[in-house]
Amino acid sequence: MSTDSRAFRARSWIMAGCGALCLLVPAAARAQEKPDDSVAALRHEIEEMKKAYEERISALEKRLAEVETAPPPAPEALPSEPQVAAASPTEAPAAGGGPAQTSNYFNPGISVIGNFLAVGGHNPVENLPAADLRESEVGIQAIVDPYARADFFLSFGEEGVDVEEGFATFTSLPAQLLAKVGRMRTAFGKVNGLHLHVLPWPDEPLPVVNLLGGEEGWIGTGVSIARLLPVGDVFTEGTLQIFRGQAEGLFAGERRGDLSYNGHYRVFMDLTEAANLDLGLSYGVGPNGTAENADTRLQGLDLTYRWKPLQTGSYRSATLRGEVYRSRREQPDGTQKAIGWYASGDYQLAKRWFLGARYEASDHADDDSLRDTGAAGTLTFWPSEFSQLRAELRRRHYSLTGETANELLLQLQFAIGAHGAHPF
Amino acid sequence: MKRNLLAASAFVALASLSSAAEAKLRVVTSLQDLASIAQSVGGDRVETFALAKGYQDPHFVDAKPSFVLQLSRADLLIVAGLELEIGYLPPLLDQSRNDKVHSGNPGYLDASIGCDILQRPTAQVTRAMGDVHPFGNPHYWTDPNNGRVIARSIAARLSQLDPAGSAAYQRNLAAFEQRLAQKEAEWMAKMAPFAGTKVVTFHDSWPNFAKHFKLAIVGHVEPKPGIPPTPSHTLDTINLIQAQKVPVILVEPYFDRKTPDYIAGKTGAAVATFYPSVGGTPAIKDYFALFDTDVDAFVAAMKGKK
């Protein structure tokens with residue numbers, strides 16, 4: 001890189017200069033043959049100079065290093081906005097390897113995750129297409145200012161776009177608080193808070209589909225406040241969320257004052273260095289719209305056990321996860337008390353191979369006499385950190401029609417753009 | 001505005017320090033190497049905690065909530081930088097509720113600043129090259145010269161956060177540098193007979209070590225960074241080792257030894273477990289022991305070779 005060679009050249013000039021001085025000055029001192037004390041004085045002076053030069057060199061080196069470590073400007077951005085570069089021709093050379101265009105420099109990190117799903121088998125109830133680019137999730141993320149960051153996740157289907165999430169997170173609040181404002185996946189249970197592409201399956205489990213309003217799960221628009229509540233060295237966190245009273249398939253409040261609420265309490269414990277336990281309790285309530293003041297109350301319990309030996313963590317790991325949801329839905333024809341749960345396990349066979357199984361069962365939220373059940377096995381292969389192939393064999397029994405469907409789901413997920421953090 | 005904030009936070013840090021008498025500065029680091037150096041420089045005025053363990057692949061660290069708690073209590077966060085921590089640190093920081101240790105504040109120190117960083121890409125990088133780091137190779141602490149730079153940065157930053165301890169930090173730094181110079185001479189003497197030796201490494205973690213100790217890395221067991229060995233690449237590596245008479249394969253402790261052992265069986269090269277970090281084994285207690293162990297491992301592997 002040019003900065004490197006420039007830095008090297010500058011450094012070598014300074015070095016050479018110092019070297020020359022160090023050689024010349026004592027030689028001059030010797031030539032003059034002064035008495036001992038003045039030689040000592042000269043020596044002292046030289047030492048001082050040497051010290052001063054060394055300090056200046058290290059200061060320069062530090063500055064150079066800072067310039068070197070400054071992230072380079074996005075090169076592909078240059079041709080797209082030539083007028084900006086033309087408008088300020090003096091800026092680019094003066095920056096010396098720094099960002100040439102601040103307007104582009106502060107652009108957010110952008111990533112796109114493609115989620116392709118092919119389905120074989122016969123299913124008259126959930127009739128997924130044979131091949132589907134199910135979701136193209138565009139993530140746009142950046143820090144807003146010293147107080148907040150923003151995250152947008154736009155979910156493009158083959159037709160139409162959804163704002164899956166779009167919120168600001170206030171990261172520097174007092175009293176161990178963290179606030180999110182906007183539209184977000186509700187912190188109800190475990191998988192509801194996760195995006196589809198990070199789940200260990202290509203599909204959402206039945207309790208989410210039947211009790212949280214459908215495949216999308218519960219997404220709320222409003223405010224979320226979370227506080228750290230450490231118990232000794234154990235991580236616990238309480239979250240309170242207040243959303244408007246509408247959520248697709250779940251809540252349908254008509255008045256502005258009809259809000260929905262969610263509370264979540266999470267405990268995380270390191271059992272050993274390799275194993276940990278994650279426990280969550282959730283409680284949600286909101287107007288379901290079937291009658292005036294008719295509410296749906298939701299309770300959730302989630303438990304995740306993870307095992308991942310650090311030494312060989314990239315080759316062996318296991319996760320056991322289970323959730324139970326209860327839904328109490330007030331309807332004109334009587335209150336429906338539905339229950340749903342799933343249990344799943346995943347085992348890492350090799351660096352890039354994972355094997356998993358899931359059992360699921362859930363009543364219908366609006367009719368607790370109907371219970372769907374299902375079982376699935378998955379095999380996942382990660383060609384690299386940025387792509388993933390998954391096969392799921394799934395059997396589901398639908399109580400409404402009494403039909404049983406056996407299907408094969410083949411999923412390809414691929415991510416481009418900014419490197420997101422690995423989900424945990 | 002920003003400066004006022006900084007001044008205010010520095011003042012608050014100072015006030016809280018002086019009020020809590022001998023309260024130690026809490027230093028959280030991403031790597032145990034950085035924790036070791038911070039402990040040497042900070043002495044009994046600091047307590048350190050490393051997120052990644054030395055025997056763990058530093059690219060794949062889980063963003064465990066228990067780390068959130070550590071970060072929420074930290075006075076100083078020291079990271080290796082160069083996007084080594086990108087897979088886990090950003091969400092932890094966001095949840096830490098601790099503005100002090102966010103990037104841009106004095107409580108955040110990127111240890112790579114001022115270090116000799118190798119393999120900075122000179123052309124556009126794409127992920128076709130594997131898991132490449134667009135800001136250069138992040139395994140730079142395996143050069144003792146960089147260790148010295150890191151120690152100086154840490155001493156300066158600790159002095160800034162805790163001016164009362166400034167003299168102690170400078171004293172500790174001088175002791176660290178003196179010990180490092182002495183050890184460095186020892187390591188160089190041990191490695192000198194092997195100058196120019198060709199080596200193959202599993203992952204590209206060792207360019208700084210190789211540069212300092214004058215080894216020539218000619219290949220990797222991984223076909224591309226982060227991509228596990230493939231049969232065809234393994235064959236290429238065997239041919240390479242035979243053609244270039246490479247005597248030793250260096251393997252980081254968290255990788256599967258199967259392929260390197262297979263290659264060694266075919267070529268007669270020795271396989272040496274090379275620890276990239278402090279804590280890789282219980283014996284590697286500090287930054288000096290790291291080089292002691294690796295240098296000795298190399299010398300042992302080269303016994304009877306050449």
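Any read-out appearing in this document is the output of simple, stated calculations on the displayed coordinates, not a laboratory observation. Keep in mind that this is a model prediction, so the values were computed, not measured. Positions of Cβ are backbone-derived with ideal geometry, glycine not excepted, and every protein chain shown enters the neighbour counts.
Computed quantities for the displayed model
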read-out: Lys pairs under 27 Å by Cα in the range A:111-417, provided they are eight or more residues apart or on distinct chains; value: 5
read-out: Hits among lysines - C-alpha to C-alpha of A:Lys51 under 20 Å, sequence gap 8 or more where chains match; value: A:Lys62
read-out: Geometric extent, Cα atoms of chain B - Rg, Dmax (angstrom); value: 20.6, 67
read-out: Karplus (6.51, -1.76, 1.60) ³J(HN,Hα), θ = phi - 60°, over the range A:138-144, in Hz, Gly and Pro reported as x; value: 9, x, 10, 9, 7, 8, 7
read-out: Net charge of Cβ neighbours under 9 Å - reference B:Asn145; Lys, Arg +1; Asp, Glu -1; value: -2
read-out: Reachable lysines from B:Lys190, criterion Cα separation under 16 angstrom, eight or more residues apart if same chain; value: B:Lys211, B:Lys214, B:Lys303, B:Lys305, B:Lys306
read-out: Chain B: DSSP helices with Cα axial extent of at least 18 Å and average Kyte-Doolittle hydropathy no lower than 0.0; value: B:2-19, B:287-301
read-out: Chain B - percent relative contact order, Cα under 8 Å, separation 6 or more; value: 17 percent
read-out: Contact order relative to length of the range B:2-184, as percent, for alpha carbon pairs under 8 angstrom and 6 or more apart; value: 22 percent
read-out: Prolate/oblate/rounded call for the range A:111-417, Cα gyration tensor, a/c under 1.5 rounded; value: rounded
read-out: Local net charge near A:Phe235, Cβ-Cβ under 11 Å (Lys/Arg +1, Asp/Glu -1); value: -2
read-out: Relative contact order of the range A:203-264, defined on C-alpha pairs under 8 angstrom at six or more residues apart (%); value: 28 percent
read-out: More than 23 Å apart - percent of Cα-Cα pairs taken over the range B:89-192; value: 48 percent
read-out: Lysine-lysine proximity count for the range B:2-184, Cα under 30 Å, sequence distance 8 or more or distinct chains; value: 10
read-out: Potential extension, A:Ser136-A:Val181 segment - 0.36 nm per residue separation minus Cα distance; value: 13.8 nm
